[in-house]
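Engineer: Handing you a structure now.
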Amino acid sequence: MSAIDATAFHDFERDGWERAAEHYAGAFGDVTGQIAAPLLDAVRAGHGTRLLDVATGPGVVAAAAAKRGATVTGIDFSPAMIAAARTRHPGITFRDGDAEALPFDDASFDAVVMNFGLLHLARPETAIAEAYRVLRPGGRYAFTVWAPPDQAVGFGMALKAIEAFGRTDVSLPEGPPFFRFSAVDESQQTLNRAGFVDADARVVALTWSLDSADGVFDALSRGGVRTAAVLRAQTPEALDAIRTSVRRSVERYEDGNRFVLPMPAVLASARKPEPGTA
Ligand SMILES: C[S@@+](CC[C@H](N)C(=O)[O-])C[C@H]1O[C@@H](n2cnc3c(N)ncnc32)[C@H](O)[C@@H]1O
């Protein structure tokens, strides 16, 4: 039996994204947007593709798909994120909706994508099943998650600093492991179990370019949810020590007048089989 209270975790995440929405695009938009092209290539998004961007946030991927001529809908369960997406991209359809209960008919899209959303879900398998349901047979699904923290170093340095200088036993609604789908085998097998075919998962190199050595700490403490909540629960002294430690780690990546960190991601994709072809 799972120890996870999925409803509590789901609501904790939604509250967290409402709080983070105004900071998220500034904190992570540049790095998460770098994978839009490979993600859209993985689902063959092009002119006329009916594409659903699940957990769209401020709509970076939705906008890249619209630029290719796709007919795009972006959904997110955070009204603040949807408001931000509408302001940034007024020509695109954005609506409130839950990845775990998509408000669309079966087989209504040619492509479904989710950029850095799956790792935030209380019930990732349910979201993958929902993507499968709303895809037409032959349609394609792709998602991204961060690579493990020893590779996506911005996360690694923050987690190490919290362990060294703070407390990790913070009482939060427990969710699925943040890095579960960072294992390419796990991503591929989960897609296969959901009924997809041609499942593929690979690591894509991204870089996080920051103008301040405090950029990682600031991004994680304001533009995210789980790590932000852990940071909020620290004493002021511990928080200072964590901030200093993360800053020193970032300084090792100085490159000219910026700090450039490797932040690879896993890109997983698959196809919904046509009847009789699986
Ligand atoms: C890390 S952000 C990714 C945003 C965007 N896809 C990007 O690439 O920048 C995660 C997003 O997932 C959304 N989200 C989390 N759980 C969700 C759910 N159950 N249903 C819909 N959206 C969800 C959050 O509101 C947030 O906008």
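Engineer: Could you please let me know if ARG222 is out of contact with any Phe, Trp or Tyr (no Cβ under 8 Å at 6 or more places or on another chain) and under 21 Å from ALA55 (Cα atoms)?
Structural biologist: yes
Engineer: Restricting attention to the stretch 134-143, and to residues there that are open to solvent by 40 Å² or more (accessible area, probe 1.4 Å) and more than 20 Å from VAL266 (Cβ to Cβ), which single residue is nearest to the ligand (Cβ to nearest atom)?
Structural biologist: Here the residue is ARG136.
Engineer: Check SER221, SER209 and return the single one that is part of a strand (DSSP E or B), within 16 Å of PHE28 (Cα to Cα) and either of a type outside the set (D, E, K, R) or open to solvent by 10 Å² or more (accessible area, probe 1.4 Å) (or both).
Structural biologist: Of the residues listed, the single one that is part of a strand (DSSP E or B), within 16 Å of PHE28 (Cα to Cα) and either of a type outside the set (D, E, K, R) or open to solvent by 10 Å² or more (accessible area, probe 1.4 Å) (or both) is SER209.
Engineer: When residues of the stretch 152-177 are filtered for being open to solvent by 20 Å² or more (accessible area, probe 1.4 Å) and outside any helix (DSSP H, G or I), how many remain?
Structural biologist: The number of residues fulfilling the criteria is 10.
Engineer: Only one of VAL204, VAL170 is in contact (Cβ under 8 Å) with a residue 40 or more places away in the chain and farther than 23 Å from ARG19 by Cβ; which?
Structural biologist: Exactly one residue qualifies, and that residue is VAL204.
Engineer: When the stretch 120-151 is examined, which residues are found to be among the basic types (Lys, Arg) and assigned to a helix (DSSP H, G or I)?
Structural biologist: ARG133
Engineer: Same structure, new question: Consider ALA131 carefully, then state whether it is in contact with a Phe, Trp or Tyr (Cβ under 6 Å, 6 or more places away or on another chain), surrounded by 19 or more Cβ atoms within 10 Å (Cβ to Cβ) and of a type outside the set (Ser, Thr, Tyr).
Structural biologist: Values: in contact with a Phe, Trp or Tyr (Cβ under 6 Å, 6 or more places away or on another chain): yes; surrounded by 19 or more Cβ atoms within 10 Å (Cβ to Cβ): yes; of a type outside the set (Ser, Thr, Tyr): yes.
Yes; evaluated as a whole, the condition is true for this residue.
Engineer: Which of the residues spanning the stretch 247-278 are under 20 Å from SER209 (Cα atoms), over 24 Å from the mean Cα position of the chain (by Cα) and small (Gly, Ala, Ser)?
Structural biologist: GLY256 - this is the single residue of the stretch 247-278 that is under 20 Å from SER209 (Cα atoms), over 24 Å from the mean Cα position of the chain (by Cα) and small (Gly, Ala, Ser).
Engineer: Which of the helices (runs of 4 or more DSSP H) contained wholly in the stretch 23-119 include at least 3 residues that are within 11 Å of the ligand (Cβ to nearest atom) and open to solvent by 20 Å² or more (accessible area, probe 1.4 Å)?
Structural biologist: Hits in the stretch 23-119: 60-67, 79-88.
Engineer: Then there's this: Could you please let me know if THR7 is within 12 Å of the ligand (Cβ to nearest atom), in a helix (DSSP H, G or I) and more than 30 Å from ASP214 (Cβ to Cβ)?
Structural biologist: Answer is yes for this residue.
Engineer: Let me ask another. Scan the stretch 224-242 for residues that are part of a helix (DSSP H, G or I) and in contact (Cβ under 8 Å) with a residue 40 or more places away in the chain and report the count.
Structural biologist: 10
Engineer: Then there is this: Report, ordered by the first and then the second residue, all pairs with beta carbons closer than 8 Å, sequence separation of six or more or different chains, a first member in the stretch 87-116 that is under 21 Å from ARG44 (Cβ atoms) and modelled with pLDDT of 95 or more, and a second member that is aromatic (Phe, Trp, Tyr) and open to solvent by 20 Å² or more (accessible area, probe 1.4 Å).
Structural biologist: none
Engineer: Quick check on my filter: what residues within the stretch 248-278 are open to solvent by less than 20 Å² (accessible area, probe 1.4 Å), farther than 17 Å from ASP30 by Cα and part of a loop (DSSP other than H, G, I, E, B)?
Structural biologist: Matches in the stretch 248-278: PRO273 only.
The values are calculated or read from the model by the stated rules, or taken from the named source; none is laboratory data. Given the structure is predicted, the values throughout are model-derived calculations rather than measurements. Counting neighbours? That spans all protein chains shown, and the Cβs are built from the backbone with ideal geometry, glycine included. Surface accessibility is based on the protein's heavy atoms, side chains included, excluding ligands, DNA and RNA. Shrake-Rupley method; radii C 1.70, N 1.55, O 1.52, S 1.80 Å.
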